[in-house]
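Peer 1: One structure coming up, written as C-alpha cells, with questions to follow.
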Amino acid sequence: MIQPLAKSVIQPLAKSVKDNNDVQRPPPMNAADSVSPTNAAEGLVQSALAAVQNSSIAAMAIKRSDGEALFTWVEAELALNRELERSPRSIRFQTLGRHIALLENTWRIRVSGFQEEEYEILGVIQSTRGHVTYVLDIYLRGSKTFVKQFGVEYLDTQTRDPGTDGEEKSTEGGAQILWSWDGAAAAKYSDDWALTINPAYREYPNDCTNFASQCLLRGGKDQVGSVINRPDDDVWFYGSLESTTSYTWAGAQNLYRHLVLHTNTTLENLAALRPGDLILLKPPGANPQWHTMVVGARTTNDALMNYHSQNTYRRSFLQIKQALQPNTTIYYFKIGNSYQSFRPS
C-alpha cells in the first residue's frame, strides 16, 4: 500500500513560495547545491513514470538508498498493473504548475499537470486522461537529490466541498415515485464531460458532486423538492442560481444522505457496480473532504472512474484506492430507481 502524504502526518509548512517560472525562486539550502528543487522534482516524476511505462526500475534517476519512497511508489504501481493484467503503452505528463515550500531542511514540492495514459488489457486499449498532482519531500546536497516522501493525488484535496454536515434522519411517510434508470446514459454523459464543463451548468470550486448529479439526471433520476426545502436531504434539484439549488445536488455528504435515506439506492461492493453508479470517499478525521466519482466503464475486476476536481477521464479505481489516506471510508453506490419518501413540492 502506498503511504499517502496525509496532512495528519505532515508537519506545518514554515515558508511557502510559488514557482511558476515567472516568480522568484526560494534561496538554495546550501551554497554548494547546484540543482533547482523544482527541476529535480520534475525529473524524479518523469523518471518514476518512465519506470512504470517500461515496467522496470532499472533506469531510475536515483539510487534506491537515496529515494526509497520513490522506489516503493513505482513498485506499487507495477504490482497494480500485474494485478489488473494491463501493460502500459505510454504515460505522458505535462507540468502545468509547481508549488514549493520549505519545511525545516526539506523542500515540499507539488508538481501539478495533465497526464495521459494508455494501457493494453487482454488486447483492448484503455485510455486514462486527467489532472494529477505529485507531492515530493526532497532535500539536496550538491548535485545529489534525496527523496524522503513521494505520493500522488488524483483527487482535489485543497478545495472544500460545498456540502454540510448533518444528522442521518429518514423522513417518515411521504409519496413514492419511480424513475427509469439508464446507467449507460449516465456513464456516457460522464465520459463526454469528464474533462470539460457543460456550459448548461455552473461550475463549483469543488465540482465533483455537481458533476455526479448531472450524470444522475442524465441517467433518468427525477428532481424532487422545492427551494423552500433546499437544505433538506429528501430533496434533490438544480436551479438557475446556487441559492435555488438543493444542498444535495453539489454537496457530497448531502448527496450521500439523500441516496441512503430517501432512495432505494443500495450500498454494495466494487464488483457489483456498473457504469453510471457512484463511489463516494470519506477521508478520516474531523470535517473531512468528501469526494464523489462516477463509474464510466468496467473491466473484469476494476471500475474506471470519471470525476471533476481534478477533472479526470476513466482512471482505475484500484489505482485511486492505492493512493488514498489510510482509513478512508469508501461507499459503493448502486443507483436505484425510486424515492422511498420525499417532501412534496
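The numbers here are math on the coordinates, done by the rules we state, and not lab data. Everything numeric here is computed off the predicted structure, so don't read it as measured data. Quick reminder, even Gly has a Cβ in these numbers, built from the backbone with ideal geometry, and neighbours come from all protein chains shown.
Peer 1: What is the fewest-to-most order of 109, 125 by other Cβ atoms lying within 10 Å of their Cβ?
Peer 2: Fewest-to-most ranking of 109, 125: 125, 109.
Peer 1: Moving on. Kindly flag which residue pairs out of 282/334; 282/321; 221/334; 188/282; 63/148 have an alpha-carbon separation exceeding 23 Å in this structure.
Peer 2: 188/282
Peer 1: Computed FRET efficiency, Cβ-Cβ of residue 327 and residue 94, R0 35 Å: what is it to the nearest 0.05?
Peer 2: Given R0 = 35 Å and the Cβ-Cβ separation, E is 0.60.
Peer 1: Put a dot 7 Å past each Cα toward the Cβ at residue 338 and residue 85; how far apart are the dots in nm?
Peer 2: 3.9
Peer 1: Using the Karplus curve 6.51 cos²θ - 1.76 cosθ + 1.60 with θ = phi - 60°, what ³J(HN,Hα) values do you get for each residue of the stretch 193-200, in whole Hz, with x for Gly and Pro?
Peer 2: 10, 4, 9, 9, 9, 5, x, 6
Peer 1: Calculate, in nm to one decimal, what residue 127 and residue 59 gain on full extension: separation in residues at 0.36 nm each, minus their alpha carbon distance.
Peer 2: Between residue 127 and residue 59, full extension yields an extra 22.0 nm.
Peer 1: As an exercise, use a Förster radius of 41 Å and the Cβ-Cβ distance of residue 148 and residue 287 to find the FRET efficiency, rounded to the nearest 0.05.
Peer 2: Efficiency for this residue pair is about 0.90.
Peer 1: For every other residue with a beta carbon closer than 10 angstrom to the beta carbon of residue 93, add +1 if it is Lys or Arg and -1 if Asp or Glu, then tell me the sum.
Peer 2: Computed value for this residue: -2.
Peer 1: Sequence-distant or interchain residues sharing an amide H contact under 5 Å with residue 309, placed H: which?
Peer 2: The answer is 207.
Peer 1: With the crude spin-label approximation of a point 7 Å out along Cα→Cβ, what separation in nm comes out for residue 182 versus residue 198?
Peer 2: Reported label-point gap for residue 182 and residue 198 is 1.2 nm.
Peer 1: Moving on to the next point. Using the per-residue mean of other Cβ atoms lying within 10 Å as a proxy for protection, in what order, highest first, do the peptides 244-253, 267-276, 192-201 fall?
Peer 2: The densest-packed peptide leads the list: 244-253, 267-276, 192-201.
Peer 1: Want the number for residue 266 to residue 72: 0.36 nm per residue separation, take away the alpha-carbon distance, what's left?
Peer 2: 66.2 nm
Peer 1: Between residue 298 and residue 244, 0.36 nm times their residue separation minus their Cα-Cα distance comes to what?
Peer 2: 15.9 nm
Peer 1: Right, next: With just the Cα atoms defining each centre, how far is the stretch 185-201 from the stretch 277-341? Give it in Å.
Peer 2: Taking the Cα centre of the stretch 277-341 as reference, the centre of the stretch 185-201 is 17 Å away.
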